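The values are calculated or read from the model by the stated rules, or taken from the named source; none is laboratory data. This structure is a prediction, so every number in the text was calculated from the model and none was measured. Backbone-built Cβ (ideal geometry, glycine too); neighbour counts: all protein chains shown.
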């Protein structure tokens, strides 16, 4: 007998994110292996203590990039979309089920402009090495090689060397992504002439500087 199941889409329930994430989830292992609070002291000098708008938590910025690479998500833009609907990712970031997720350009800007490459590489290398050292994560789950593929166990390289190499790749990919200028839909779909007319709008885009030239948008060197 076929019984039609009633939809529960509109059903309201009180739930806790902690109860929705499997005990053996990879992100639980990493959260247990790494003291992410150390990131605050590592990045403190790059923030103003008593001026400017409230910044996105640096730990959240780092964790979003980790999610992107550990789960093979193709871009920061897509990673943010995945965080919006994935309860495990939200748990890892400390976000409530209905909390807004930082814009992908905010994450990119932080690593391309606010944090120097040395700090970014130090942070990611330290996290990856710690996670593998405590055996919460396998080397092949955490490390990637120069071809940007998951690395097999390499007996010729120490764990620290593999972590440093992977961290360098993370940083390089962030800087490549940071050079792209993402246009709002109405501007991306506009004609060449209209884009030039709307050039002033670029002052409000989440990028340091950009210009319209012949209808194309370019990022200028800082």
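Computed values, structure above
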| quantity | calculated |
| --- | --- |
| Test for residue 110: is it within 19 Å of residue 31 (Cα to Cα) and assigned to a helix (DSSP H, G or I) | no |
| Residue satisfying all of: in segment 28-47; farther than 15 Å from residue 110 by Cα and in a loop (DSSP other than H, G, I, E, B); nearest to the chain's Cα centre (by Cα) among these | 36 |
| Residue in segment 48-63 that is modelled with the highest pLDDT, counting only those that are within 18 Å of residue 105 (Cα to Cα) and surrounded by fewer than 14 Cβ atoms within 10 Å (Cβ to Cβ) | 54 |
| Unique match (being in contact with a helix residue (DSSP H, G or I) (Cβ under 9 Å, 6 or more places away or on another chain) and assigned to a loop (DSSP other than H, G, I, E, B)) among 54, 22 | 22 |
| Residue match in segment 128-136 (condition: at pLDDT 90 or above and either assigned to a loop (DSSP other than H, G, I, E, B) or over 17 Å from residue 68 (Cβ atoms) (or both)) | no |
| Selected residue (only one of 84, 78 is assigned by TED's automatic domain parsing to the domain that holds residue 128, without any contact (Cβ under 8 Å) to a residue 12 or more places away in the chain and over 17 Å from residue 128 (Cα atoms)) | 78 |
